[in-house]
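Heads up: the structure comes next, in structure tokens.
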Amino acid sequence: MNELASKPPAKRPEFRNIHALRDLPGYRLPLAGLVSILHRISGALMFLLLPFIIWMFDTSVSSEISFTRFTGAFNKGVGPLAGWFMKLVALALIWAFLHHLIAGLRHLWMDVHHAVDAQFGKRSAAVTLVLSVGLTVILGAKLLGAY
């Protein structure tokens, strides 16, 4: 008992002053970590573009004239913003919504089922990315007039 008490615990390595340009590019983030970061980014993107979302909703449902102006914004643009830029912003919103929804359901599932292993985390992260990107491609094709 005295032998154990006299030994000091092994000191853990300390990492200080991590150089962002030198150390971070070589760091390989796990897939679940990437999904988690993208979940935060998608939430922030939806929050920042909330005025655009409100404008789109208001313009599209106010009247027939405003709906014509709304469709014209995506074809010809609004002011200095070109139509393709408006479609790009709408596509970013589509991705943000889909990714945030699917990743949120993933997090909710993991919260309800407390015994989640690493394999499930990897698989569910991959499914989240594939579903969000796949549905974004399908809805983006519709937005760009492919069908």
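Where a number appears in this text, it was derived from the coordinates with a stated rule and is not lab data. For clarity, every value in this text was computed on a predicted model and none was experimentally measured. Quick reminder, even Gly has a Cβ in these numbers, built from the backbone with ideal geometry, and neighbours come from all protein chains shown.
In straight-distance terms, cross-link reach from Lys76 covers every one of the lysines whose alpha-carbon lies under 23 Å from its own, apart from those fewer than eight places away in the same chain; here that gives Lys87, Lys142.
Structural size metrics of the stretch 43-93, computed from C-alpha coordinates, are Rg and Dmax of 11.0, 32 Å. Dipole of the chain computed with +1 at Lys/Arg Cβ and -1 at Asp/Glu Cβ about the Cα centre; of Leu29, Leu48, Thr68, farthest Cα towards the positive end is Leu29.
Give me Rg over Rh for the stretch 29-143, both radii from the alpha carbons and Rh done the Kirkwood way, two decimal places.
On the way: Rg = 17.2 Å, Rh = 15.7 Å.
Ratio of gyration radius to Kirkwood radius for the stretch 29-143: 1.09.
About the Cα centre of the chain, what is the dipole size in debye to 20, counting +1 per Lys and Arg Cβ and -1 per Asp and Glu Cβ, all else neutral? Intermediate values should be presented prior to the final figure.
Numbers: 14 positive and 7 negative charges, 83 e Å.
It works out to roughly 400 debye.
Two tests apply to each whole DSSP H helix in the chain, Cα reach of 20 Å or more along its axis and mean Kyte-Doolittle hydropathy of at least 1.6, and the ones passing both are 31-48. Which of Asp58, Asp23, Asp111 moves most in a GNM of the chain, Cα contacts under 10 Å? Top of the fluctuation ranking is Asp23. Note: relative contact order over the chain, using C-alpha pairs below 8 Å and six or more positions apart, is 27 percent. Here the residues Trp109, Trp95, ranked from fewest to most Cβ neighbours within 10 Å of their Cβ, fall in the order Trp109, Trp95.
Among Ala92, Ala82, Ala32, the largest mean-square fluctuation in a Gaussian network model of the chain (Cα springs under 10 Å) belongs to Ala82.
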